[in-house]
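One structure is given below, encoded as structure tokens.
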Amino acid sequence: QGVPKPFTEVIKANIGDAHAMGQKPITFLRQVTALCLCPELLASPNFPEDAKARARRLLAACGGHSAGAYSASPGIELVRGDVARFIERRDGIAARAQDIFLSTGASDAIVSILKLLVAGEGQTRTGVLVPIPQYPLYSAAIAELSAVQLNYYLAEDKCWALDVAELRRAVIEGRRHCCPRVLCIINPGNPTGQVQSRQCIEDVIKFAYEEKLFLMADEVYQDNIYAEGSAFHSFKKVLFEMGPPYSEVVELASFHSISKGFMGECGFRGGYVEVVNMDPEVHQQLSKLVSVRLCPPVPGQILLDAVVDPPQPGEPSYELFMAEKNEVLSNLAHKARLTQEIFNRTPGICCNPVQGAMYSFPRIHLPPRACAAAQAQGQAPDMFFCIKLLEETGICVVPGSGFGQREGTFHFRWVL
């Protein structure tokens, strides 16, 4: 509207869209994708031989040797096999291609699994346990499917740790009005940036076993670990290392994506879900459910394959690939430390250590007059703060009320 502002651009710290904020694409991933989309480039001397070999292999697996053809509904069989081998290398535990369903980013797979698990009416309606704060995809999908959202609160004073006693409280309360069937975990956390310890994951698996809950493990930030002493442990690996009865009974769906990590390829919409210990008849229904969508985008599947089958030592692209990957992750680790330090030096803001993922979730201490001014405008106090921040500085962040938070506390999500 022509009103002068004290800034020249809006800094979009509101969404995990890495490339939009200047992160450079990983060369090898784009080369393989470009070769598949434009096969005449296979004759060019400007592309390394390992990228060409990956592209030829992928094109041979596409209908009519074209990335423009539909794939099978669960995804290209070759790519599913490569994902299974990636999981085996990561966990040291066998994975089967038929248990892997490729998807339009992890979001699409999460909605499909929720759709599969929602049933009943009234008291028998499916209850879904979600962490608070949570990624709003979960609350939106639960509302859309007319399921019941059961909140369990992460402990902010313990660096957003998950407490099984809090899970138990949520289940007991939920049983009064629905049937709790699903437990959603986000690790590393979005928006909270915490990384769960192995012991915590074991405790969650035991709890799911005792309460007969289906586990949904959102693990899309598994490459993004920054804090000393923090490490990513996949739910599948821990489940199988725990052994029977847990490894034979606990049902698990785990999700991964090309949108985050060091890749940041949000726009290609590639991801997958692996299902573990799913009843064969239910597995068949999941296959039927995903077939309604025809297939995930083939370019996203191609890029996912390049992520799970990266250049190996001795191949022409290996050194550049590792250098680019390490640069992205070290930059994010630096920004994680910087974010935490600077917020904790700022009056009225305190911030937990950013152990992983791409976010911090600082707490803001708003004076009573600010809360009263927000109320007068019909806004949540943290929304009031975020709009002021945008108008006065050009920094765009998301209020904590968009993710859920304990009553009387205010936050915002900051993207590294």
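The values are calculated or read from the model by the stated rules, or taken from the named source; none is laboratory data. Nothing here was measured: the structure is a model prediction, and the numbers come from that model. Methodologically, a virtual Cβ is constructed for each residue, glycine included, from the backbone with ideal geometry; neighbour enumeration extends over all protein chains shown. Side chains included, ligands, DNA and RNA excluded: accessible areas come from the protein's heavy atoms. Shrake-Rupley method; radii C 1.70, N 1.55, O 1.52, S 1.80 Å.
Got a sec? Which helices (runs of 4 or more DSSP H) wholly within segment 71-165 have at least 3 residues that are over 20 Å from residue 239 (Cα atoms) and open to solvent by 30 Å² or more (accessible area, probe 1.4 Å)?
Numbers: elements: 77-91, 105-117, 137-144.
Answer list for segment 71-165: 105-117, 137-144.
With over 11 Å from the mean Cα position of the chain (by Cα) and over 17 Å from residue 276 (Cβ atoms) as the only criterion, which of 195, 238, 250 stands out?
Values: 238 fails: over 17 Å from residue 276 (Cβ atoms); 250 fails: over 17 Å from residue 276 (Cβ atoms).
It is 195.
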Residue under evaluation residue 392, criteria (1) more than 30 Å from residue 8 (Cβ to Cβ); (2) surrounded by fewer than 17 Cβ atoms within 10 Å (Cβ to Cβ), criterion not met: (1)
Filter result (at pLDDT 90 or above and in contact with a helix residue (DSSP H, G or I) (Cβ under 7 Å, 6 or more places away or on another chain)) within segment 124-138: 126, 127, 128, 129, 130, 133
Residue check for residue 405: of a type outside the set (A, V, I, L, M), open to solvent by 30 Å² or more (accessible area, probe 1.4 Å), touching a strand residue (DSSP E or B) at 6+ places or on another chain (Cβ under 7 Å) and assigned to a loop (DSSP other than H, G, I, E, B): yes
Which numbered condition residue 238 misses (of (1) open to solvent by less than 10 Å² (accessible area, probe 1.4 Å); (2) among the β-branched types (Val, Ile, Thr); (3) more than 21 Å from residue 88 (Cα to Cα)): (3)
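Could you say whether any residue in segment 168-179 is under 23 Å from residue 360 (Cα atoms), aliphatic (A, V, I, L, M) and in contact (Cβ under 8 Å) with a residue 12 or more places away in the chain?
Looking for residues that are under 23 Å from residue 360 (Cα atoms), aliphatic (A, V, I, L, M) and in contact (Cβ under 8 Å) with a residue 12 or more places away in the chain, one finds none in segment 168-179, hence no.
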Pair list, Cβ under 7 Å, 6 or more apart: segment 264-281 residue of a type in the set (Ser, Thr, Tyr), other residue part of a strand (DSSP E or B): 272/100; 272/101; 272/102; 272/103; 272/256
Scan of segment 44-56 for residues that are free of Cβ contacts under 8 Å to residues at least 40 places away in the same chain and open to solvent by 90 Å² or more (accessible area, probe 1.4 Å), ordered by number: 45, 46, 56
Index of the failed condition, residue 230 passing every other in (1) more than 20 Å from residue 307 (Cβ to Cβ); (2) at pLDDT 95 or above: (2)
Selection within segment 194-213 - open to solvent by 10 Å² or more (accessible area, probe 1.4 Å) and outside any loop (DSSP other than H, G, I, E, B): 198, 199, 200, 202, 203, 206, 209, 210, 211
Test: residue in segment 348-362 that is open to solvent by 60 Å² or more (accessible area, probe 1.4 Å) and out of contact with any Gly (no Cβ under 7 Å at 6 or more places or on another chain): no
